[in-house]
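Values quoted throughout were computed directly from the atomic coordinates according to the rules given, and no laboratory measurement underlies them. Here the structure is a predicted model, which is why all the values come from computation and not from measurement. Note that each Cβ is placed from the backbone with ideal geometry, even for glycine, and that neighbours are counted across all protein chains shown.
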């Protein structure tokens, strides 16, 4: 008998098939039992009629409990009243595992507290809403890759273990790397500044880490980011790229995951409004908006989550805020030549108060200015290593660099790195990062980034297989 997945049931109407899955729910009306079976691709109702199966099969169906694993044989039938449009008239049933009634599956249709659900995350993901969230996340990630691949970008994987900081030295996870120290990556950007000079348009998509203890809904210590980098691109080019990518991804999810979006009760009309062009405002204009709405922020201050919410609520699609004060942005951001106190950078704020989903901008393209910025930010630096005219070899450079370890013993012993490309990067180049969990939260109507992640790092306990709390504890 042909094994099929539930999502393909419509292709087999009138055929005898086999389904394998788990009992999501069950009800009975005397001589008929109704089994709701899920297999990861969808849900279908199996109808077990007492007169159509053996007494053993009917008794077996009656003994099934929530999340028991089964193999069901039957004939697919169209049924307009069924949520999936089809039902299965069961003829035979094989049980792989029955969940004991004395130790039932802990996630039930009743209300559960968030602490309980987070502790049971590995089981919680079996529920309909969590399944929908993860399916949407998958579609987002696939759409992001398709967008860049189809747009002529080359995927360049960057190291997870790096010898240096990219976003600041206070949020590094340090690990032992043989006789040296290494760190879990904060970003692939500095590597891809080098690969962009070889390939023109590149991106990386992988895990990143920040050693920040936080209990806010927008912070994770482990997350996935996509980071494109483009040679000869300005901040305006970056904004064009970002809005094209966001629009492409949103429309792809609307097209391919409408059922999942409905399952999470997403207002599709709000997503349908996300079309290019996006509104673009300067940091100066954003400060004025905040002050008009009662904020005490002054020019030069960074935006908090509440500030971002106020700004985004003024628009019905993502808004791009550009040219922040250089003092509150990363050392590698290019200053505006007409206003050196501001950087050629941009943050993209999602509508409906979901916060920042993209950050990026134009990179410093002057070698001496970059050296000056490194010193200003007090990043680890071998004295005299960042100057064109010093007597040191030009390839021995500060720890901010792309993280390719110098092979010279004197460089290795002082924890400095290769930056051969910096004197050869004096052309405009630009890029951005997009946090996958942040984007997923926007699409999923989920305010907590943690719930757009499948599973978290487990923590050892007295019970060897007890899953730990997420890396960023949920606020109550």
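The simple spin-label model puts a point 7 Å past each Cα toward its Cβ; for residue 71 and residue 197 those points are separated by 5.9 nm.
The length gained by stretching the chain between residue 82 and residue 51 to full extension, at 0.36 nm per residue less their Cα-Cα distance, is 8.9 nm.
Based on the Stokes-Einstein relation at 25 °C and a viscosity of 0.890 mPa s, and on the Kirkwood radius from alpha carbon pairs, segment 2-97 is assigned a translational diffusion coefficient of 190 µm²/s. Going by the alpha-carbon gyration tensor, a ≥ b ≥ c the square roots of its eigenvalues, is segment 208-295 rounded (a/c under 1.5) or, if a/c is not under 1.5, prolate (a/b greater than b/c) versus oblate? It is rounded, given that a/c, with a ≥ b ≥ c, falls under 1.5. Residues in segment 70-92, backbone N under 14 Å from the label point at residue 126 (7 Å along the Cα-to-beta-carbon vector): list them, ranges by number please. It comes to 70-71, nothing else.
Over segment 248-297, all Cα pairs binned in 10 Å intervals from 0 give whole-percent P(r) values of 21, 31, 23, 24, 2, listed from short to long. In segment 1-109, the DSSP beta bridges split such that about 85 percent are antiparallel, to the nearest 5.
Going by a ≥ b ≥ c, the root eigenvalues of the Cα gyration tensor, does segment 51-158 fall in the rounded group (a/c under 1.5), the prolate group (a/b larger than b/c) or the oblate group? In terms of gyration-tensor shape, oblate.
Can you give me the distance in nm between label points at residue 174 and residue 29, each placed 7 Å from the Cα along the Cα-to-Cβ direction? Taking the simple label geometry, residue 174 and residue 29 are separated by 6.8 nm. Here the label points at residue 427 and residue 149, each 7 Å from Cα along the C-beta direction, are separated by 2.7 nm in the simple model. Averaging the Cα positions of each part gives two centres, and for segment 224-249 and segment 265-322 these lie 19 Å apart.
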